[in-house]
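For reference, the structure is listed below as structure tokens.
Taken together, the values in this text are just the output of simple stated rules run on the coordinates, not laboratory data. Note that the coordinates shown come from a computational prediction; the quantities given were computed from them, not determined experimentally. Virtual Cβ from ideal backbone geometry, glycine too; neighbours counted across all protein chains shown.
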Amino acid sequence: MCGRFTLTLNTQALLEAFPQFTFPAGVQPRYNIAPGQPLLAIPNDGQQRATHFLWGFVPGWAKDPRRYRFINARAETAAQKPAFRAAFRRRRCLVPADGFYEWRRAHGKRAQPFYFTLKNQRPFAIAGLWEHWQGADGSEIIGCVLLTVPANACVASVHDRMPLILPPEAYALWLAPEPQPPERLRPLLRPYPAEAMQCWAVSSAVNNPRQDAPHLITAVET
């Protein structure tokens, strides 16, 4: 799964890293983006413009959004699952990030968090799905879910799943505004190359979603 990630760039740095997209003014670095919080996402609405969604996907048919709020979906099955199949075809997005956390669990020990980045330290884009939910009382939620795939060799020593990181050449297809058949998207649903990634242990302070500071990504001894 992917339960926390970072985007430690401001607006200007994002524009330089993703010149094909526009970003809102005033974006500030974030070191501990958690479920239930706003995140920056680029939807497939043809505008090539980032906006803020809630990290928490509520299917359009849900009666009670408290019962159905997903943060991750398996890329291998999203096209078939009732909660995600319409969004997989019609409402996809990219979620900019520059790192993510996973936890290694050991019997009798506290889970140890690890921080994963690309070796070249460049930001990347996680594949997501988005949905606009509207309640009978007029309330609404525009939320998204991050897709995950089986872990590559770099991540597998810590966790068996990882975010679906898309290479830049896949952005255009993923953000196509017209509906896409699942078979056309299926070749994109694969783990990012392990040799292009790195990780290190970090402090358990990241467990607290209220913590959001640069020290969270500093390496620690295990």
Whole-Hz couplings from phi, Karplus 6.51/-1.76/1.60, listed for region 168-183; x for Gly and Pro: x, 5, 9, 4, 4, 5, 4, 9, 4, x, 7, x, 10, x, x, 5
In sequence order, calculated HN-Hα J values of region 38-44 (Karplus, 6.51, -1.76, 1.60; Hz; x Gly/Pro): x, 9, 7, 9, 10, x, 8
Point-to-point label distance, residue 76-residue 107, nm (Cα→Cβ direction, 7 Å offset): 2.6 nm
Where labels lie 7 Å past Cα in the beta-carbon direction, separation of residue 169 and residue 219 in nm: 3.2 nm
Part-to-part distance (alpha-carbon centres) for region 144-212 and region 46-125, which is given in Å: 8 Å
Long-range HN-HN contacts of residue 197 with modeled amide H, under 5 Å: 119
Table column - 3J(HN,Hα) (Hz), region 51-68, Karplus curve with 6.51, -1.76, 1.60, x for Gly and Pro: 9, 10, 10, 7, 7, x, 8, 10, x, x, 8, 5, 7, 10, x, 6, 8, 10
